[in-house]
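Shown next, in structure tokens, is the structure this report addresses.
Laboratory data are not the source of any read-out in this text; all were calculated from the coordinates shown. A quick note: this is a predicted structure, and the numbers were derived from the prediction, not measured. All Cβ positions, glycine included, derive from the backbone under ideal geometry; neighbour counts span all protein chains shown.
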Amino acid sequence: MEVVQIIGVGLIAIVIIMVLKQNKPEFVIYVELIAGVIILSMCFDKITAVINFVYELSSKIQLSNKFVGIMLKITGIAILAEFATSICKDAGESAIASKIEIGSKVLIVTTSIPIISSLLEIILKVLP
């Protein structure tokens, strides 16, 4: 039933935002930020469970924890960048949002270099 709680927080935030837009529009961004942080914190236990499951699964199939850590880091970068981009777009700052998107993509590519190089090494070993 966590989804009901998340939806509830979102709907309450929307009602507060609609009221604030009429009276104090400068406070809308703060409500959006607070609602986003509350929703992310509500998901933290589930995220932790997924991370533990992935590490447990990787140990069973003898996958390097280094690669699992990199993949989880990439996923975290993508989630946080999407959150920040959405906040910026809601605030009317699409230029900053696009810079965050570009920066996060660069970080994802640079973070994935060890995985890419390992894959290339495997491919080169297979090829004659």
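Identify, among GLY76, TYR55, LEU20, the residue whose Cα sits farthest towards the positive end of the charge dipole of the chain, taking +1 on the Cβ of Lys and Arg and -1 on the Cβ of Asp and Glu, with the dipole about the Cα centre.
TYR55
Taking the 0 to 90 degree range and rounding to the nearest ten, how far is the long axis of helix 65-90 tilted relative to the main principal axis of the chain, both from C-alpha atoms?
20
Could you work out, for region 64-128, what percent of all Cα-Cα pairs fall into each 5 Å distance bin, beginning at 0 Å and stopping at the bin that holds the largest distance?
Percent of Cα pairs in each bin: 3, 17, 20, 16, 13, 11, 8, 5, 3, 2, 1, 0.
Mind listing P(r) for region 1-60? All alpha-carbon pairs, 10 Å bins, whole percents.
21, 35, 23, 13, 6, 1
Based only on the alpha carbon positions, what is the Kirkwood hydrodynamic radius of region 11-128, in angstrom?
Kirkwood hydrodynamic radius for region 11-128: 17.2 Å.
By the scheme Lys and Arg +1, Asp and Glu -1, what is the net charge of all other residues having a beta-carbon under 12 Å from that of ALA97?
Spelling it out: positives minus negatives among the neighbours equals -2.
Would you mind telling me which residue in ILE79, ILE87, ILE61 has the biggest mean-square fluctuation in a Gaussian network model of the chain, where springs connect alpha carbons within a distance under 10 angstrom?
Maximum among the listed residues: ILE61.
Using unit Cβ charges (K, R positive; D, E negative) and no other charged atoms, how large, in debye to the nearest 20, is the dipole of region 64-128 about its Cα centre?
240
For the chain, with only Lys/Arg (+1) and Asp/Glu (-1) charged at the beta-carbon, what is the dipole magnitude about the Cα centre, in debye rounded to 20?
It works out to roughly 280 debye.
With r as the distance between the Cβ atoms of ASN65 and LEU33 and R0 = 41 Å, compute the FRET efficiency 1/(1 + (r/R0)^6) and round to 0.05.
0.75
Taking the Cα centre of region 1-60 as origin and charging only Cβ (+1 Lys, Arg; -1 Asp, Glu), how large is the dipole, in debye to the nearest 20?
Rounded to the nearest 20 debye, it is 80 debye.
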